[in-house]
Amino acid sequence: MTHSGKQRIIVIDLLRGIAIGLMFIYHFCFDLTYYGYTDFRFNSDPFWLNFRAVIVSTFVGVVGFSLYLAHHKQWRRQAWLKRFAILVLASLAVSAGSYLMYPKSFIFFGILHFIALASLLGILFVRLGYLNLLLGGIILLIGNHYSHPFFNQPAMQWIGLMTEGPITEDYVPLFPWFGMVLVGLGLAYWSQNNQLLSRLLHWQNQGRAVKGLCFAGRHSLLIYLLHQPIFLGVLYVVTEITR
């Protein structure tokens, strides 16, 4: 995402790139477990639960920050509609692909589904300024500390607030994660009011590692869609050869 649709903020690309790198580690370890090379407990081990939380928090926080940068002056409707359509199509592709691999636990509301919905809802909050920090904190508190059996029914599971986790390979519900989007919006507003945004716009780093991470951050959607088929394909070939 660019500032006012023109100038990229390297720090934002860098944060996305770091999240991509962490996601690579998480998913590769997940795939190793899937093929029986390891026995990581992703749904119960605090390390992996917190590792995933860091990844998701970074991605969705940047969603809010980027949404503010792109639309706080005016809603750039055409650019927003194009991005929203791409996210919806990518989400459907993820659901279809995961259904082929995991028909009993396919991804019905994962990170891309969430980002699509957050982009739709978030545009309504872009101009709320510091209020987004308060609203985001409230949503995070509700999402992490309140649950009710009503939200266990399939039609309500995208909201969160369930008493039982759904059977799915990736789950990023509205509560609590929309809270992080609003926090991102609020932080973007704060950074602009405190001249931090102008410093971020002018920050440059020519290091190879930073350039590589920024490249990944600029192409995060494509990388997200391709990396798992590649990981799984490579591990499948290795498994077949060494069997």
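The values are calculated or read from the model by the stated rules, or taken from the named source; none is laboratory data. The shown structure was predicted, so the numbers you read here are calculated from the model rather than taken from an experiment. Cβ sites come from the backbone with ideal geometry, for glycine too, and all protein chains shown count toward neighbours. We work out accessible area using only protein heavy atoms, side chains counted, and drop any ligands, DNA or RNA first. Shrake-Rupley method; radii C 1.70, N 1.55, O 1.52, S 1.80 Å.
Between Leu134, Leu117, which is hydrophobic (A, V, I, L, M, F, W, C), closer than 20 Å to Ala188 by Cβ and surrounded by fewer than 20 Cβ atoms within 10 Å (Cβ to Cβ)?
Matching residue, one of Leu134, Leu117: Leu134.
Return the pair list, or none, for Cβ contacts closer than 8 Å from residues in the stretch 216-230 that are more than 21 Å from Ser98 (Cα to Cα) to residues that are assigned to a helix (DSSP H, G or I) and basic (Lys, Arg), at least 6 apart or on different chains.
As it stands, the answer is Ala216/Arg16; Gly217/Arg16; Arg218/Arg16, since those pairs meet every condition given.
Might you check whether a residue that is touching an Asp or Glu at 6+ places or on another chain (Cβ under 9 Å) and not in a helix (DSSP H, G or I) occurs anywhere in the stretch 84-105?
Of the stretch 84-105, the ones touching an Asp or Glu at 6+ places or on another chain (Cβ under 9 Å) are 94, 98, 101-102, 105.
Restricting the remaining residues to those that are not in a helix (DSSP H, G or I) gives 102, 105.
Within the stretch 84-105 (the criterion being touching an Asp or Glu at 6+ places or on another chain (Cβ under 9 Å) and not in a helix (DSSP H, G or I)), the answer is yes, since at least one residue qualifies.
Taking the condition of being under 14 Å from Ile12 (Cβ atoms), at pLDDT below 85, open to solvent by less than 70 Å² (accessible area, probe 1.4 Å) and not hydrophobic (A, V, I, L, M, F, W, C), how many residues in the stretch 199-228 meet it?
Looking only at that region, the number is 1.
Among the listed residues Tyr236, Tyr189, which satisfies the condition of being among the aromatic types (Phe, Trp, Tyr), in a helix (DSSP H, G or I) and closer than 16 Å to Gly64 by Cβ?
Of Tyr236, Tyr189, the one residue that is among the aromatic types (Phe, Trp, Tyr), in a helix (DSSP H, G or I) and closer than 16 Å to Gly64 by Cβ is Tyr189.
Test Tyr146 against the stated conditions and say whether it is surrounded by fewer than 18 Cβ atoms within 10 Å (Cβ to Cβ) and of a type in the set (Ser, Thr, Tyr).
So Tyr146 passes the test.
Can you pull out every residue in the stretch 4-36 that is outside any helix (DSSP H, G or I), over 19 Å from Phe215 (Cα atoms) and without any contact (Cβ under 8 Å) to a residue 40 or more places away in the chain? So that I can check it myself, show each step before the final result.
Narrowing the stretch 4-36 to residues outside any helix (DSSP H, G or I): 4-9, 35-36.
If we keep only those that are over 19 Å from Phe215 (Cα atoms) as well, we get 4, 35-36.
Scanning the stretch 4-36 gives a single hit, Gly36.
I'd like to check something: does the stretch 158-173 contain any residue that is assigned to a helix (DSSP H, G or I) and in contact with a strand residue (DSSP E or B) (Cβ under 7 Å, 6 or more places away or on another chain)?
Checking the stretch 158-173: at least one residue is assigned to a helix (DSSP H, G or I) and in contact with a strand residue (DSSP E or B) (Cβ under 7 Å, 6 or more places away or on another chain).
How many residues does the stretch 149-173 hold that are buried (at least 19 other Cβ atoms within 10 Å of the Cβ) and touching a Leu at 6+ places or on another chain (Cβ under 7 Å)?
Selection size over the stretch 149-173: 2.
So is Arg77 basic (Lys, Arg) and surrounded by 14 or more Cβ atoms within 10 Å (Cβ to Cβ) or not?
Values: basic (Lys, Arg): yes; surrounded by 14 or more Cβ atoms within 10 Å (Cβ to Cβ): no.
It is false that Arg77 is basic (Lys, Arg) and surrounded by 14 or more Cβ atoms within 10 Å (Cβ to Cβ).
Could you tell me whether any residue of the stretch 50-62 is surrounded by 13 or more Cβ atoms within 10 Å (Cβ to Cβ) and more than 14 Å from the chain's Cα centre (by Cα)?
The answer is no; no qualifying residue exists.
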